[in-house]
Structure formats: C-alpha cells, structure tokens
Amino acid sequence: CYGERFVKTVNLKILIIMSCLIILATLSIFGQKEFSPKTNKKPLQDFVINLNQKLDSKEVDLDKPFSVTLEGYLTKEGRFDTQRSKFTKLEGDEKMIAIAKNAIEVISDSQMFVYLRDLGMEKVTLVLSQDDKQISFSFNSELPTPEKAKTISSGFNTLIHLAQLNTKDDIEVQTLLKAMAVRSEGNNFILNMALPKSEAHRLLKNELQKQKEKRYSNSGE
C-alpha cells in the first residue's frame, strides 16, 4: 500500500533532522556517517560552526523570545523558491530571529524537503517560535485532497512509531519523537513539535558541544 511504500522511501533520520534542526533542538545527526544522497550536509555543518561561535562569544542569548513565520513554495529539488517564498512574520529578539531564519534557510539549502516535495507538497507554511515556556515548530502544507493529506499523515505517524521502536536506547531521540504530533485537517498535512524551553536548550547545548569536540578532534586541535 502507499503507506508501506512511504515508510520504505523516507529515511527515518531525515524526519528527525527536519523536525529537530529547525527548532534548534538537536544537532547530533550531523556527525553520523549515514546521510541521504539527496541532501547536502555542508550547510548543516556550517550552521553548527556558526552557532557555536555566536554562543561562545555571547553574541546571542538563547533565552530571548522570538517568532518567525515563512510562507513558501518548494521547488522539485526541495529548496524554497526564492521568488515565491517570504517571511511574513518576524517578532522578538532580532539576533534570535536571524538564527531562526538561518536555520530555515539551511534546511532549504540542504534540500531535505525534497522528500516532502516528492510526496506532492509544494505550498508550505512554517512557524518557529520560542516563549518563556517552550520552543515550538509547526509545518503545514495543503494537498490536493483530504484523502492524500490523511494518507501522508498516516504514513508519517507510522514512521514516527517505527523510529521510536528503533531508538529505544536513545533517550534524547525518544524525547524528540514524543514531542511530535502529526495529523491531517481537511486538505492540510500538519506537523507540530513542542518542547519545554529548558529541555530544548539542554539538548541543543549538549549536541553543540559534541560537534565542537568532534571538529577539534578531526582538525587535530
């Protein structure tokens, strides 16, 4: 059936990257050897280095609130069409807004959304925000029919369930997967994710430190 093909086609780790990078919750996936040939790893690595530098120099304060909304169109290559996509809401701390925008642009440059484009998603709305209590991310795409939206959301929920079964020993990944909620609403496919701010920051800082140590180790520093 379509749902089974969906599970076989989409890389479990891409789902985790897509959902977790964009809310700045985890970056551990960047260092792993397995990576889809459809995606470009370099923008992700550069993003990690840049964010580490900003945090080390205390240029940004992760606690500051922000909200960023992008209304975009995906090209067949999985990038946002720069002519048709735009940020429609930018609120809060300017430096955190810049980081959030950069995270979304990195996702585009990495072509990780190519899997969603292959499923028929073209027009999408992304909302990334942080308040005093939590960091949240929502992804919404209108599909041709309610049936297709329901089928794809069902496939994603199956994928999340399989990921939970395959990562039982990884507490951090389990935390992230449990924070995801996927559903269909009419023609719309909707993916929401929310984590307590303290937990998201803990995960982020832990993974940034791991990447920093790995970079120093690889460079011989």
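The values are calculated or read from the model by the stated rules, or taken from the named source; none is laboratory data. None of these values were measured; they are calculated from a predicted model. Note that each Cβ is placed from the backbone with ideal geometry, even for glycine, and that neighbours are counted across all protein chains shown. For the accessible areas, the whole protein counts, side chains as well, though only heavy atoms, and no ligand, DNA or RNA atoms are used. Shrake-Rupley method; radii C 1.70, N 1.55, O 1.52, S 1.80 Å.
Could you run through the range 172-221 and say how many residues are at pLDDT 80 or above and either open to solvent by 70 Å² or more (accessible area, probe 1.4 Å) or not aliphatic (A, V, I, L, M) (or both)? So the answer is 17. Close Cβ contacts (under 7 Å, 6 or more residues apart or on different chains) running from residues in the range 116-140 that are within 15 Å of residue 105 (Cα to Cα) to residues that are acidic (Asp, Glu) comprise 125/71.
Checked against (1) part of a loop (DSSP other than H, G, I, E, B); (2) closer than 26 Å to residue 45 by Cα; (3) open to solvent by less than 40 Å² (accessible area, probe 1.4 Å), residue 169 passes all but condition (3). Among residues that are surrounded by 17 or more Cβ atoms within 10 Å (Cβ to Cβ) and among the hydroxyl-bearing types (Ser, Thr, Tyr), residue 82 is not included. Applying the selection to the range 80-119, what residues are at pLDDT 90 or above and small (Gly, Ala, Ser)? Result: 85, 92, 98.
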